[in-house]
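Shown next, in structure tokens, is the structure this report addresses.
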């Protein structure tokens, strides 16, 4: 007889499944479509030559250890390098504060696994990152959405949310995915004080922090927390779990990221990872270390910034020219995404269907709202397509939007 | 104030923690110790040169896609290659039957996540693989241990266990970790009939299937299941989820393995993996495909077999010579491990403490018994150490055992 598989799955899988949005997004992957829907870095900036040299170097000199099993927390020279890097761009930490993960998605998953009981609440920005919701839905999370504006989460509304008793606060402070907004310094400071007061940890997700195209770098939430606590040691022991990644600085196909946390939390994360996949590929860790160890990232990030800044500027210019005036959008200071708001009565998912006929795509904003809303919003990616493709795509999308507004849906 | 982290962890983390065994095993990692405790392949057989060529080839010709995000199910040419490979060494399958994982540990984790509610029962061999227990403990699994002998699980005792209503049966049929035993053809056939009769799936974990040093290859449980169902299609739609890995054929530091399952189960596993880590490193998948695509594995596995067979033989010879006659052990036909049984009153963990003073190590067998027992058993790895090191290590261990038997602990 056929095995009755569907009766054997666990409760937690019942929320898993294909959504309307996911089905629509599959259509955006057709090769003739100009897609602003994905979240892909530009392959033009991948440092292919540097990877080639690093692979040769690692295999020639460290082949036996780079191909062998290794420790769950990650390759020590890589963790030490990240600690130095992190001290410059985020908070001062020691190697014991760092665990290597297979991409930031894995860090989000492990945080869910370590902290979440079914039904636990998480405070998120509205809108928030879809991948985090996917990771935490598997653990039965519920969400408290705090509204945000062009300066990020409206922290004045945070205290009310904190009184509900959430497990943690999740925030993307720099060039947020999806909205492109950046949390202001003032709000960051208020955030850490409130979180400390209620004893609620903050998960700070910072994949794009170094991809700033204008304005001044704002200290990370973890740094501000460390200063607030007047920490004097090399080790960080505060209230923030900080995530960052090599996906945007080197290449996402590596699946290489890191999580920064107090050592006691890192030890728990290491046990979690040991049961989940033993460790992240030793070879990938050795190669990334070899590519980055001589200060390459500092040079390379300049190339990425120049490339993405041009694309952002082209997209914004074309939107000014082509989009109907009833549509508003963010002007992000960095990152890979911007956010459009249509008139309230327009459904972005309906607009997408028409856009797909015109061979252009974006992500309708509902997917980023765990508690509903955002039907009239849309996320556009500007990092992946070349300036010419952006021009053509925004022209098509402008025509689609004008038509949608005329037809009133 | 300090954040009260320990009060914020989820229920599922409460079983996590350091065990006495794990603390002892840390000691085995000291560099001057001859360790038969690990489960490491011999680095001498890693095909370093082939990896170097493959990295250069992939980066020169496919750099942009090998470094980019890719699909969750895995790189299609790799899955197609595995399907062909699998048809020869295990069951006939299509690419839709296959998902790539970051090592088999991740496949074990995903199977737990997909199937296990807290308190669910799993049928395991006694002893069974420690990593599977670690993965499934996180989901609150309970275990029904079925005893095994030199021909694997004693399938006559299986029906009683099936009547308890387990979620699935977990079995390592070839050169089992830890015992080194191989499930006989007759027992395999009886296993699949019983599992089908009760509608209970089988998880077949087969990392060592091709590492046979004597005797004839026995068809996999999945193959026998497919034959029993008289399957005519290319796709496999039976009752077995089959796991295998590149860790033992190429190198474990890649973290590259695969799971074979009916397409409907693969689709669920893909959703699980998407939330957990998006996908396994594209670069690693392209490189492994490049190394293996021209039939390299068939040649390379001969080198591995010759190397490990010699080491197994040396270990067995030395044990014959050096071990006290009260100790018994398995003579595995393949794989990486053998299993020692001491007189009932001897505690292998106590023996390990003395062995560590003599600078030699093994794993005490209790760790492989989820429901207790096995205090007088031990696992020895023969793949990692060179023949000379094995001779010296078994000499030291023989002296330790003689002493322990004399002292009676």
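Bear in mind these aren't lab numbers, they're just calculated from the coordinates by the rules spelled out. This structure is a prediction, so every number in the text was calculated from the model and none was measured. Cβ sites come from the backbone with ideal geometry, for glycine too, and all protein chains shown count toward neighbours.
Given axes a ≥ b ≥ c from the Cα gyration tensor, I'd like to know whether the range B:93-191 is rounded (a/c under 1.5), prolate (a/b larger than b/c) or oblate. Each step should come with its number before you reach the end.
Numbers: a/c = 1.58, a/b = 1.22, b/c = 1.30.
Since a/c reaches 1.5 but b/c is at least a/b, the shape of the range B:93-191 is classed as oblate.
Given the options B:119, B:131, B:180, state which has the largest fluctuation in a GNM of chain B using a 10 Å cut-off (strictly under) for Cα springs.
Result: B:119 has the largest fluctuation of those listed.
How big is the range A:77-119 in terms of Cα radius of gyration and Dmax, in angstroms?
12.8, 39
Modelling each spin label as a point 7 Å along the Cα-to-Cβ direction, I'd like the residue A:296/residue B:15 distance in nm, to one decimal.
Modelled inter-label distance: 4.3 nm.
Quick one: Cα centre-to-centre distance for the range B:307-351 and the range B:33-109, in angstrom?
For the range B:307-351 versus the range B:33-109, the Cα centre distance is 32 Å.
Arrange B:84, A:312 by Cβ neighbour counts within 10 Å, fewest through most, would you? Mind showing how you got there, number by number?
Working: B:84 11, A:312 26.
Listed from fewest to most nearby Cβ atoms, that is B:84, A:312.
Run the numbers on the range A:167-218 and let me know its relative contact order in percent, using alpha-carbon pairs under 8 Å that are six or more apart. Spell out each step's value before the answer.
Details: 43 pairs, mean separation 25.9, N = 52.
Averaging sequence separation for qualifying contacts and normalising by length gives 50 percent for the range A:167-218.
Starting from a label point 7 Å past Cα on the Cβ side, list the distances from residue A:190 to the same position in the other copies, nm, shortest first.
7.2
What's the FRET efficiency of residue B:264 with residue B:156 using the Cβ-Cβ distance as r and R₀ = 30 Å, to the nearest 0.05?
The computed FRET efficiency comes out at 0.40.
Taking the Cα atoms only, what angle lies between the long axis of helix A:48-66 and the longest principal axis of chain A, rounded to 10 degrees?
Roughly 30 degrees between the two axes.
Compute the distance from the alpha-carbon center of the range A:266-281 to that of the range A:385-409, in whole Å.
Taking the Cα centre of each part, the range A:266-281 and the range A:385-409 sit 45 Å apart.
Full-extension gain between residue B:402 and residue B:76, please, as 0.36 nm times their residue separation minus the C-alpha to C-alpha distance. All intermediate terms of the calculation are to be shown ahead of the outcome.
Details: separation 326, 0.36 × 326 = 117.36 nm, distance 5.51 nm.
So the extension gain works out to 111.9 nm.
Return the distance in nm (one decimal) between the two label points of a simple spin-label model at residue A:371 and residue B:1, each offset 7 Å from Cα along Cα→Cβ.
Computed distance between label sites residue A:371 and residue B:1 equals 2.5 nm.
Find the percent of Cα-Cα distances in chain B that exceed 40 Å, and round it to a whole number. Working shown, then result.
Numbers: 13926 of 83436 pairs.
When every Cα pair of chain B is considered, 17 percent fall beyond 40 Å.
Provide, as a two-decimal number, the C-alpha radius of gyration of the range B:137-211 over 2.2 N^0.38 Å, N being how many residues it has.
It is 1.08.
Apply the Debye scattering formula to the range A:69-294, with a single equal point scatterer on each alpha-carbon and no solvent, then give log10 I(q)/I(0) at q = 0.07, 0.12, 0.13 Å⁻¹.
Normalising to I(0) and taking log10 leaves -0.20, -0.60, -0.71.
Can you run the Rg to Rh ratio on the range A:203-344? Use alpha carbon positions and the Kirkwood inverse-distance Rh.
So for the range A:203-344, dividing Rg by the Kirkwood Rh gives 1.05.
Could you check the simple spin-label distance between residue A:61 and residue A:44, using points 7 Å along Cα→Cβ, in nm with one decimal?
Here the modelled spin labels are 3.4 nm apart.
Per-residue Cβ counts within 10 Å, from other chains only, averaged over A:39-49: what number is that? Before the final figure, lay out the partial values.
Values: counts 1, 2, 3, 2, 6, 1, 0, 7, 2, 8, 3.
That average works out to 3.
Write down the radius of gyration of the protein assembly as shown and its Dmax, each obtained from C-alpha positions, in Å.
Just the Cα atoms of the protein assembly as shown yield Rg and Dmax of 27.4, 94 Å.
Can you give me the C-alpha center-to-center distance between the range A:145-183 and the range B:183-197, rounded to a whole angstrom?
One Cα centre to the other: 56 Å.
Based on the Cβ-Cβ distance of residue B:185 and residue A:325, what FRET efficiency does E = 1/(1 + (r/R0)^6) give at R0 = 60 Å, to the nearest 0.05?
With R0 = 60 Å, the Cβ-Cβ based efficiency is 0.20.
Percent relative contact order of chain B, based on C-alpha pairs within less than 8 angstrom and at least six residues apart?
RCO, chain B: 24 percent.
Based on the Cα gyration tensor of the range B:298-409, what are the three equivalent ellipsoid semi-axes, each the root of five times an eigenvalue, rounded to whole Å and given largest first?
Equivalent ellipsoid of the range B:298-409: 25, 16, 11 Å, largest first.
Ranked by Cβ crowding within 10 angstrom, fewest neighbours first, how are A:258, A:5 ordered?
Details: A:258 25, A:5 19.
The most exposed by this proxy come first: A:5, A:258.
Ranking A:183, A:172, B:116 by Cβ neighbours within 10 Å, fewest first, what do you get?
Fewest-to-most Cβ neighbours within 10 Å comes out as A:183, B:116, A:172.
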